[in-house]
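Notes follow the structure.
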Amino acid sequence: MRTLVIRADAGARVGTGHLMRCLALAQAWQAEGGRAIFLSHCESESLRQRIEGDDIQFVSLEKPHPDSLDLQKTLEFSEQQRANWIVLDGYHFDSAYQAALRNVGKRVLVIDDTAHLPHYHADILLNQNIYAPELKYHGDADTTFLLGARYALLRHEFLRWNDWQREIPDTACHVLVTFGGSDAENVTLKVMRAIERAPMDALEVVVVVGGSNPHFQRLMAEAANSKFKMRVERDAANVPDLMAWADIAISGAGSTCWEMAFMRLPALLVVIAENQRRVAQGLDDAKIARDAGWHAALSPDEIGRAFLHMVAAKQARAEMSRRGGALVDGEGAQRVTMHLLNRAVRLRTTRAEDCRMIWEWANDAETRRFSFSTDPIPWERHLEWFNSKLSSSNCYFYLALDRDDAPVAQIRFDLNEATKDEATVSITVAPHQRGKGYGAAVIEAGSEKFCATSTAKVIHAYVKPENAASIHAFEKAAYGNMGMMREREHKVLHLTRSRP
């Protein structure tokens with residue numbers, strides 16, 4: 001099993017954002033059948049439990065780098081686990097630390113926000129921020145740079161909201177307040193007091209704080225005395241639901257910004273750390289959020305005025321919502337994982353908007369020639385079939401995309417309804433993508449993903465003997481040749497692949 005070791009820390013000083021975005025990457029890695037392990041100096045027991053709750057191993061480090069035992073432990077542990085990749089997420093992992101890992105042959109992914117180091121030693125460098133393409137990085141000759149919000153790492157609980165459409169009310173009455181896992185300066189309290197001064201009849205406010213927040217009791221008391229309906233939630237497990245409920249957010253400008261953009265949630269950003277300044281400014285320039293400025297320079301009255309302006313500005317909020325959804329599509333972790341696995345393609349679940357394209361592929365003359373039925377498929381029949389597949393719990397239906405997000409193929413696994421331990425695979429390569437080697441890559445990626453997410457023990461493929469390209473693709477993807485047989489009154493070659 002492929003192993004990903006993630007070296008990231010969390011605490012009152014460094015916050016929880018590094019661990020939480022790495023959790024999204026770990027989830028995407030596991031979805032591809034791999035194993036993820038956190039090696040961390042973490043001050044939050046609740047955060048550790050959150051990670052272990054996703055069946056991800058968590059190993060604690062007593063002292064973080066620059067303590068000399070940190071690097072030694074990371075090297076020894078990654079060797080013991082036969083790690084395929086080591087992920088470093090934290091500003092304290094300097095150039096020497098990175099070089100030490102690469103010099104002994106480890107593959108390294110560095111997650112960065114600021115380009116603060118003179119040189120980066122990494123196989124892959126990831127910066128998910130909106131301003132990342134503008135930064136000047138100096139890396140090794142073979143470093144791959146993944147820069148920009150298309151690589152934003154979102155945890156899997158957000159992805160079920162992909163097709164959700166936000167309604168924009170005339171006046172924003174549901175307010176979400178969130179300033180990360182620690183908020184040592186207690187900016188949350190200042191914002192609560194700013195909201196309290198709003199000359200409005202009714203507001204509902206949810207304040208989300210992390211387990212590392214040292215001001216929890218004080219915030220609870222403030223909420224209890226509010227003239228509005230206000231509550232404080234600690235270590236909220238339903239953050240996507242709260243973002244869907246909210247009409248507006250007041251937030252720090254950390255990694256939560258990419259979650260809010262995906263959820264199309266208009267936000268007023270209060271900068272609470274130096275590394276957030278460019279995020280807030282970039283999102284303000286893109287009209288996705290409003291940058292209120294540096295927290296210490298803002299009074300509650302100034303925050304309150306900016307808040308009231310957004311509450312009443314329906315058109316501005318609608319534009320923020322639209323632009324945010326366009327910026328972050330929720331597939332960033334899958335894009336990064338594709339590079340980690342060195343795959344030419346990645347898979348996403350097929351959606352309603354793919355229907356016509358797949359119909360056009362299916363009616364291509366070459367596709368029909370090698371199908372069991374060579375007749376053209378009427379649109380109405382395809383639409384009925386397509387919708388039935390999307391709604392079936394026994395159908396695993398994926399669209400394959402290349403590294404530029406261009407569709408290259410569709411692959412489908414139909415689970416045996418009775419036994420649940422066997423499945424049949426079907427694939428169609430886009431007519432204009434044939435001859436580029438995508439067939440085997442899609443079958444390999446699809447089969448691994450299907451085995452990781454289903455109960456099937458055996459996958460069956462049935463191919464017409466004259467379809468040499470398809471037979472070659474299945475055999476290249478480790479499908480065994482079981483010989484000729486008859487299927488649907490056709491003589492076909494039977495190929496199978498078993499769960500590893």
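Only the coordinates and a few stated rules stand behind these numbers; no lab work does. Just so it is clear, the structure is predicted and the values come from calculations on it, not from any experiment. We place every Cβ from the backbone using ideal geometry, glycine too, and count neighbours over all the protein chains shown.
Quick notes on this structure:
- For Rg/Rh (Cα atoms, Kirkwood Rh), calculated from these coordinates, the label among (i) 1.26; (ii) 1.01; (iii) 0.93: (ii)
- Tensor-based shape of the range 158-327 (alpha-carbon gyration tensor, a/c under 1.5 rounded, otherwise prolate or oblate): rounded
- When the chain is described by a simple charge dipole with +1 on each Lys and Arg Cβ and -1 on each Asp and Glu Cβ, the residue from G15, A267, A365 located farthest towards its positive end is A365.
- Normalised contact order of the chain, rounded percent, pairs of Cα under 8 Å and 6 or more residues apart: 11 percent
- Peptide ranges 357-366, 120-129, 9-18 listed from the most packed, as the mean C-beta count within 10 angstrom indicates: 120-129, 9-18, 357-366
- Considering only T144, P64, L125, and ranking their Cα positions along the charge dipole of the range 3-153 that arises from unit charges at the beta-carbon of Lys, Arg, Asp and Glu, the one farthest toward the positive end is T144.
- Electrostatic dipole magnitude of the range 344-498 [Cβ: Lys, Arg +1; Asp, Glu -1; Cα centre; debye, to 20]: 240 debye
- Shape class of the range 296-371 from the alpha-carbon gyration tensor: oblate, with a/c at 1.5 or above and b/c at least as large as a/b.
- Alpha-carbon centroids, the range 134-166 and the range 176-215: separation in whole Å: 28 Å
- Partners for K389 among lysines (Cα-Cα distance below 22 Å; same-chain residues under 8 apart left out): K420, K449, K457
- Check: the chain dipole with +1 on Lys, Arg Cβ and -1 on Asp, Glu Cβ, in debye: 640 debye
- Over the chain: helical MRE at 222 nm, DSSP H runs n ≥ 4 each giving -39500 (n - 2.57), nearest 500: -10500 deg cm²/dmol
- Mean Cα-pair separation over length for the range 3-153, i.e. relative contact order, pairs under 8 Å, 6 or more apart, %: 20 percent
- Taking the C-alpha atoms only, the angle from helix 17-31 to the longest principal axis of the chain is near 10 degrees.
- Candidates A24, F93, V442 compared by Cα position along the dipole of the chain: farthest toward the positive end lies V442, with charges placed on Cβ.
- Most to least packed among 267-276, 479-488, 238-247 [average Cβ atoms within 10 Å]: 267-276, 238-247, 479-488
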